[in-house]
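Down below is the structure, laid out as structure tokens.
The values are calculated or read from the model by the stated rules, or taken from the named source; none is laboratory data. Since the model is a prediction, treat every value here as computed from it, not as a measurement. Virtual Cβ from ideal backbone geometry, glycine too; neighbours counted across all protein chains shown.
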Amino acid sequence: MFDIETVRADFPVLNQQIYGRQLIYLDNAATSQKPLAVISKIKEVYSLYNSNIHRSTSKLAAICTEEYERARNTVREFINAKYTHEIVFTSGTTAGINMIAFSFGEKFVNKGDEIVVCESEHHSNIVPWQLMCNRKGAVLKVLPFDDSGELRLDLLDELLTERTRLLCVAQASNVLGTVNPLDKIVEKTHSKGVYVLVDGAQGIQHLKTDVRLADIDFYVFSGHKAYGPTGTGVLYGKESLLEQLPPWQGGGDMVKNVSFAKTTYAELPLKFEAGTSNYTGAIALAEALNYLSNKGLDDIHSYERDLTDYALKNIAQIPEITIYGTSKQKVGIASFLVGGAHHSDMGEILDKMGIAVRTGRLCADPAIHHYGITGVIRASWTFYNTKNEIDKLCEGIEKAKKMLN
Ligand code: PLP
């Protein structure tokens, strides 16, 4: 049974006062809080069996390596990948996308080829492709969204040409909250012989994710937005594709043999895990996914859907508010402006009320510029937030608006 008080007790950071007010943490899209299970796991690794994985012969190294590889399997199960070697541990979404931008670019992209990204993407899913296109002489094309925040899928047909190599799309937008229709996008894109990379940074923690069912070619996410530690992340790639890609970084653990004449690379996934990886983080990330599974993903998702309906309905009723992103399918994100109030002023006032939100351009300039504005206030909630906190947010916004007027 999903009991909100028990859930909240699992997240110690929530239980504190900020400027003398109970903290209301509504900045989950920037980073999520960590349950005790994850915090304890980090302590467990460093207290009991910390030792460098895949290298040393000690008992400790064997335990640590086993935990790390078990973590890989936990991720595999969580996203329903076919093989554990399709799971590469990274330092986050940004690292995963940069890795594919480099390796996929080297293997599959030539001068004049095209990459498609969406107008609503985070900079992490734009800039690596710009860098790659510059390097390879390729062309970056953009799939726009409409004012409600939905991708213009009607334009996809003409955007995908025989020169398109890859389409990059977020599972959910970090500005608009829109859940993008991956099934339709993948089907259309694959029908043109084009691969798909999905940025799951705002999806994995809120939506059931099955990379095989969705037939996604590459999927990336960050641990820290999914209740795991910072500096952790996952890149999933289909075996058939990862096998063909050259390594991104060189170093220890990613090689079979090294000589000055010829170096051979390790098998998947180690080919993509150069250097000492953040094994403690990966082990604790798996603990975060276990935490979600143990709480019950269906219960978590239905609690979040109910909270999102409640939040969007109530926030929309605030006089003079404009919400950016009003599509039907949304994760728990509301980006908005109120009256003439500047986003950073409002963010500061809310902070003084103990309400943590994010303001500004949200690392997604094109999405913000779409509306001709300079920034927004973003409230983002998850399964440990409550309707009462949403009420406090709405009251806070109204109060801040009066102060700023
Ligand atoms: N993609 C999306 C949609 C995001 O929201 C974010 C972070 O906000 C990122 C990518 C980048 O994630 P990270 O900074 O964890 O690499």
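A few comments on the model shown:
- In summary, I100 fulfils each of the numbered conditions (1) at positive phi; (2) within 16 Å of the ligand (Cβ to nearest atom) with the single exception of condition (1).
- Considered as a group, the residues in region 340-362 that are within 16 Å of the ligand (Cβ to nearest atom) and buried (at least 19 other Cβ atoms within 10 Å of the Cβ) include one that is nearest to D199 (Cα to Cα), and that residue is L362.
- Restricting attention to region 313-335 and to residues that are in a strand (DSSP E or B) and in contact (Cβ under 8 Å) with a residue 60 or more places away in the chain, the residue that is farthest from C394 (Cα to Cα) turns out to be K330.
- The single residue among L404, L393 that is away from the ligand (no atom under 16 Å from the Cβ) and either at pLDDT 95 or above or under 17 Å from L312 (Cβ atoms) (or both) turns out to be L393.
- The conditions of being closer than 30 Å to A288 by Cα, free of Cβ contacts under 8 Å to residues at least 60 places away in the same chain, within 11 Å of the ligand (Cβ to nearest atom) and in a strand (DSSP E or B) are not met by V196.
- For region 124-149, filtered to residues that are of a type in the set (V, I, T) and more than 14 Å from the ligand (Cβ to nearest atom), the residue that is farthest from V109 (Cα to Cα) is V142.
- Complete set of residues in region 165-182 that are surrounded by 24 or more Cβ atoms within 10 Å (Cβ to Cβ), of a type outside the set (S, T, N, Q) and in contact (Cβ under 8 Å) with a residue 60 or more places away in the chain: L166, C168, A172, V175, L176, G177
- When we screen G223, G231, G203, G250 for residues that are crowded, with 24+ Cβ neighbours inside 10 Å and either in the same structural domain as A101 (by TED's automatic domain parsing) or of a type in the set (S, T, N, Q) (or both), the only hit is G223.
- Residue count for region 253-268 satisfying the condition of being in contact (Cβ under 8 Å) with a residue 40 or more places away in the chain and surrounded by fewer than 16 Cβ atoms within 10 Å (Cβ to Cβ): 1.
- Looking across region 352-390, the residues that are in a helix (DSSP H, G or I) and out of contact with any Phe, Trp or Tyr (no Cβ under 9 Å at 6 or more places or on another chain) come down to D365, P366, H369, N388.
- If the condition is being hydrophobic (A, V, I, L, M, F, W, C), surrounded by 14 or more Cβ atoms within 10 Å (Cβ to Cβ) and outside any loop (DSSP other than H, G, I, E, B), then region 154-164 contributes L156, L159.
- Subset of region 58-75 that is within 15 Å of G233 (Cβ to Cβ) and not small (G, A, S) - its residue that is farthest from the chain's Cα centre (by Cα): Y68
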